[in-house]
Amino acid sequence: MFSNFIDSLSFAAEKHISQRRKGCDLVPYINHPIKVAHLLFTTAKEYDFELLSASILHDVLEDTCTTELEMRKIFGDRVTNLVIEVTDDMTMTYEDRKRSQIKKAPFLSDDAKKIKIADKISNIADMLEYTMTWSHRRKHQYLEWSEKVVKECRGINEHLDRAFDEIVKEANKTIENQP
Ligand code: ZN
């Protein structure tokens, strides 16, 4: 329902209120999940409100103090389970979380795979759009790792697959020219 989608926007905005994008202090965190939902709606032509709500909420369990129970009460099981699927285990080290995403990717539900790809597209687009503190090397490492995760998630929505390939191509061409 549209009203639940609006609830998810308001909920995520509150939860991410004091956060800024990693490596990019000027951008409020909430811009990222909004970009992911926007991509799913406009580029990927995904019109399922629960999927769009889950995309708005996809980082609240990982990056804020939101609990699973709190989410279940407000947004129900499907949205919450989708968010859980795309949430990293923050008790693991950074390197282990990155490895685990590649290992878990083939077993995600189709909807979780769509969020994963849109998430990676949004992150790469931010790398190209904003001035970040990341080195060229770190940006290339992020690209390589994203390609490994997305390889396991492709084949569900051709618009998303194409958008991912295009942004990777653009990133490979432009990163070296960035400051
Ligand atoms: Zn994200």
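The values are calculated or read from the model by the stated rules, or taken from the named source; none is laboratory data. Model, not experiment: these values are computed from the prediction. Reconstructed Cβ throughout: ideal geometry from the backbone, glycine too, with neighbour counts over all protein chains shown. Only protein heavy atoms, including side chains, enter the accessible area calculation; ligands, DNA and RNA are left aside. Shrake-Rupley method; radii C 1.70, N 1.55, O 1.52, S 1.80 Å.
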For the chain, longest principal axis from Cα atoms; helix 110-129 axis from its Cα atoms; angle between them, nearest 10 degrees, is 50 degrees
Averaged per residue, the 1.4 Å probe accessible area of region 26-179, protein heavy atoms only, in Å², is roughly 51 Å²
Once phi for every residue in region 138-149 is put through the Karplus expression 6.51 cos²θ - 1.76 cosθ + 1.60 (θ = phi - 60°), the whole-Hz ³J(HN,Hα) values, with Gly and Pro written as x, are 5, 5, 5, 4, 4, 4, 4, 5, 4, 4, 5, 5
For region 2-177, the percent of accessible surface on carbon and sulfur atoms (probe 1.4 angstrom, ligands and nucleic acids excluded) is 53 percent
Taking the dipole of region 7-78 about the Cα centre (Lys, Arg +1; Asp, Glu -1; charges at Cβ), the one of I34, L9, L57 that reaches farthest to the positive side is I34
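For every helix of n ≥ 4 consecutive DSSP H residues, a contribution of -39,500 (n - 2.57) applies; sum these over the chain, divide by its total residues, and give [θ] at 222 nm rounded to the nearest 500 deg cm²/dmol.
-21500 deg cm²/dmol
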So, for the Cα atoms of region 2-177, Rg and Dmax in Å stand at 15.4, 48
Rounded to one decimal in Å, the inverse mean reciprocal Cα-Cα distance for region 1-96, i.e. its Kirkwood radius, is 13.7 Å
Relative to the chain, whose Cα atoms define the longest principal axis, helix 94-104 and its Cα axis are tilted in degrees, nearest 10, by 70 degrees
Sorted by chain and number, the residues with a modelled amide H under 5 Å from that of R21, at a separation of 5 or more or across chains, are V27, Y29
Taking Cα atoms only, helix 158-174 is inclined relative to the longest principal axis of the chain by an angle, in degrees rounded to 10, of 40 degrees
